[in-house]
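One structure is given here, and the rest of the page talks about it.
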Amino acid sequence: MPIATRLEVAATAGLPAPLLAAAAVPANLPIPLRQPHFYVGLVAAPDLSTVKFVDVERPKLNVGVVLEYRLTNRLLVSTGLLRVNKEYYARREDYDWSAYPRAATRNFYWVDGACTVLDVPLNLRYDAVVRPQARLFGAMGLSSFFMQREQYSYDYTENNSTYLWERSYVNENQHLFSVLNLSLGYEHSLGPHWRVQAEPYAKLPLGGVGAGKVRLTSGGIFFGLKYGF
């Protein structure tokens, strides 16, 4: 038996069983931190919206509450309730005018849209890089849009005169799982419970939304603060 091994055995031979077990574990190993399973947080983002990228208006505020549940050390499922105002210009041909046949006879090119939307996402997140104080992640899922208020208008000419057409809707259109969510993000730990994160995102249309069934694309960067239980 090597001398070093005989010395180790001799040093531990007289210890009680609990101390003997403790002596067998190197003292310099880090103690793993327990990850909370349930998180609640607040998020806000500057949100840009466009229809087929023909025009981009100034960003609007996207704000809401998110809920997350950790399935494994790397997987989380999340949902929440977000409220955002979306403003955009779209071409005449980007709208479904089946409910307004007179639009086919009018001379106009652009439609101004403004909507207040409740966004209910359902996403799955994967933490690709895990460090004691930081995580890099990607997320993917679907959103349901509930249109609270919609306002549409356009200027048209008829018989050498200019007119303004306007329509408003309140709580008339809901679109379940109609938007694809994609995002990447960075999360930093402030302690055993608090986290902050930044998450660039894109929301891609799977179908038309609103009264005109426009294919609305949006994106921005979520900034969030959350607490884990």
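With each label point set 7 Å from Cα along the Cα-Cβ vector, what nm distance links THR79 and LEU176?
With each label placed 7 Å out from Cα toward Cβ, I get 1.3 nm.
Between TYR169 and PHE108, what is the spin-label point distance in nm, taking each point 7 Å from the Cα along the Cα→C-beta axis?
Result for the modelled spin labels: 1.5 nm.
Evaluated at 20 °C with a viscosity of 1.002 mPa s, what Stokes-Einstein diffusion coefficient in µm²/s does the chain have when Rh comes from the Kirkwood expression over alpha-carbon pairs? Display every interim value, and only then the final one.
On the way: Rh = 21.2 Å.
Answer from the Stokes-Einstein relation: 101 µm²/s.
What residue among ARG149, ARG102, ARG195 has the largest mean-square fluctuation in a Gaussian network model of the chain, using Cα springs under 10 Å?
Top of the fluctuation ranking is ARG102.
For the residue pair TRP97 and TYR69, what label-to-label distance in nm results when each label sits 7 Å from Cα along the Cα-to-beta-carbon direction?
Label at TRP97, label at TYR69, 4.8 nm between them.
Restricting to DSSP H runs of at least four residues, report the calculated mean residue ellipticity at 222 nm for the chain, -39500 (n - 2.57) per run over all residues, nearest 500 deg cm²/dmol. Each step should come with its number before you reach the end.
Working: 2 runs with 18 residues, N = 229.
Taken over the chain, the calculation gives -2000 deg cm²/dmol.
Rounded to the nearest 0.05, what FRET efficiency do GLU57 and GLN133 give with R0 = 30 Å and r taken as the Cβ-Cβ distance? Could you check?
Values: r = 38 Å, r/R0 = 1.26.
E(calc), rounded to 0.05, equals 0.20.
Name the most mobile residue of THR116, THR217, THR72, meaning the one with the largest mean-square fluctuation, in a Gaussian network model of the chain with Cα contacts below 10 Å.
Result: THR72 has the largest fluctuation of those listed.
Please tell me the relative contact order of the chain in percent, rounded to the nearest whole number, where contacts are Cα pairs under 8 Å and at least six residues apart. Provide the component values of the computation, followed by the final result.
Details: 556 pairs, mean separation 44.5, N = 229.
Value for the chain: 19 percent.
Multiply the residue gap between THR162 and LEU225 by 0.36 nm, knock off their C-alpha separation, and tell me the result in nm, one decimal place. Provide the component values of the computation, followed by the final result.
Working: separation 63, 0.36 × 63 = 22.68 nm, distance 4.98 nm.
Net length gain for the segment: 17.7 nm.
Report the residue, chosen from PRO59, PRO46, PRO101, that carries the largest GNM mean-square fluctuation when the chain is represented by alpha-carbon nodes joined by springs under 10 Å.
PRO101
Just want the answer: with Cβ charges of +1 for Lys and Arg and -1 for Asp and Glu, which residue in VAL214, GLN174, LEU75 is farthest toward the dipole's positive end in the chain?
Result: LEU75, furthest along the dipole toward the positive end.
If you fit an axis through the alpha-carbon atoms of helix 3-13 and take the longest principal axis of the Cα set of the chain, what angle between them do you get, 0 to 90°, nearest 10?
90
Please identify the trypsin sites (Lys or Arg not before Pro) of segment 34-71 that satisfy two criteria: DSSP loop assignment and at most 15 other Cβ atoms within 10 Å. Which are they?
Values: sites: ARG34, LYS52, LYS60, ARG70; in loops: ARG34, LYS52.
Sites meeting the loop and neighbour criteria: ARG34, LYS52.
Per q in 0.09, 0.17 1/Å, what log10 I(q)/I(0) does a Debye calculation on the alpha-carbon atoms of segment 95-229 return?
For segment 95-229 at q = 0.09, 0.17 Å⁻¹, log10 I(q)/I(0) is -0.42, -0.94.
Only loop residues by DSSP count here, and only those with at most 15 other Cβ atoms within 10 Å; note down the GluC sites (Glu not before Pro) in segment 43-133 that meet that. Show your work: numbers first, answer last.
Numbers: sites: GLU57, GLU68, GLU87, GLU93; in loops: GLU57.
Passing sites in segment 43-133 are GLU57.
Each reported figure results from applying straightforward, stated rules to the coordinates on display, with no laboratory input. Predicted model, so just to flag it, every value in this text is computed and none were measured. All Cβ positions, glycine included, derive from the backbone under ideal geometry; neighbour counts span all protein chains shown.
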